[in-house]
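We did not get these values from a lab; they are worked out from the coordinates using the rules stated. Bear in mind that the values here come from a model prediction, so they are computed numbers and not experimental data. We place every Cβ from the backbone using ideal geometry, glycine too, and count neighbours over all the protein chains shown.
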Amino acid sequence: MIRVPQVRVLDAAGNQLGVMATRDALEAAESAGLDLVEVAATAAPPVCRIMDYGKFKYQQSKKAKDAKKKQSVILVKEMKLRGKTEEHDFQFKLRNTKRFLEEGCKVKVTIVFKGREITHTELGMGMLRRIVEELKDAAVIEAQPKLEGRTMSMLVAPTPKKEEKKEEKQTEKQPEKQEEAARSVKP
């Protein structure tokens with residue numbers, strides 16, 4: 001319900017009909033078989049549009065669904081280690097971390113210190129450096145290692161693949177353009 005005495009009216013095509021009384025605008029909308037919808041309430045006078053409101057709401061819901069389909073959900077997986085993690089266990093965790101990164105997930109690598117291990121945080125930092133070194137081709141550090149209480153953690157994300165795809169497409173297109181140019185030159 002529009003409770004303002006005057007409104008600026010736009011027709012279904014988007015053309016301005018001018019400033020008119022709300023009652024006249026409602027009559028114009030009814031004569032067209034459409035609805036009068038307030039578009040910009042904060043403007044002086046408020047802007048109203050003559051449109052099919054049901055169709056408008058349907059189109060908005062379709063746009064929202066399409067946007068939701070196109071968005072990608074990035075999961076954050078966590079890999080927990082200890083300061084005294086042995087070599088085999090470290091390699092096992094490293095393989096899983098690589099797999100998570102290949103799936104497109106971010107990985108939070110956490111080293112937990114228990115008891116007196118907290119006095120040897122350099123072991124944890126060395127382990128995180130080693131993980132970074134092993135993952136340098138597959139990951140980018142998003143959050144540098146930091147110590148929070150008894151845990152030291154860092155966040156790694158997969159390397160961006162969009163840039164690689166763009167470069168591949170450009171290299172594929174260049175030979176095609178050269179072939180097309182060569183064809184157009186031949187009589």
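Observations
- Amide H contacts of Thr159 (H built 1.01 Å from N, in plane; Pro and chain starts excluded): Ala139, Val140 sit under 5 Å, all sequence-distant by 5 or more or on other chains.
- Listed residues Glu27, Glu133, Glu122, most fluctuating in the chain (Gaussian network, C-alpha, under 10 Å): Glu27
- For the chain, the share of DSSP beta bridges that are antiparallel, to the nearest 5, is 70%.
- Förster radius 22 Å - calculated FRET efficiency between His120 and Thr159 (Cβ-Cβ, nearest 0.05): 0.10
- Report summary: the helix-based calculation at 222 nm, which adds -39500 (n - 2.57) for every DSSP H run with n ≥ 4 and divides by the residues of the chain, gives -15000 deg cm²/dmol.
- Using alpha-carbon coordinates, inclination of helix 121-134 to the longest axis of the chain, degrees: 70
- Helix 53-70 axis, angle to the chain major axis (alpha carbon atoms, nearest 10°): 20
- Taking the number of Cβ atoms within 10 Å of each Cβ as an exposure proxy, the fewest-first ranking of Val76, Val156 is Val76, Val156.
- Modelled spin-label separation between Val76 and Asp137, with each label point placed 7 Å from Cα along the Cα-to-Cβ direction: 2.9 nm.
- Residues Val19, Val73, arranged from fewest to most other Cβ atoms within 10 angstrom of their Cβ, appear as Val73, Val19.
- The calculated FRET efficiency for Ala67 paired with Met1, based on their beta-carbon distance and R0 = 35 Å, is about 0.70.
- Listed by chain and number, the lysines whose C-alpha is less than 18 Å from the C-alpha of Lys161, apart from same-chain residues fewer than 8 away, are Lys70, Lys98, Lys106, Lys136, Lys169.
- A cut-off under 14 angstrom between Cβ atoms defines the neighbours of Gly33, and their net charge, with Lys, Arg +1 and Asp, Glu -1, is -4.
- Nearest-ten-degree value, helix 162-185 long axis tilted from longest Cα axis of the chain: 70
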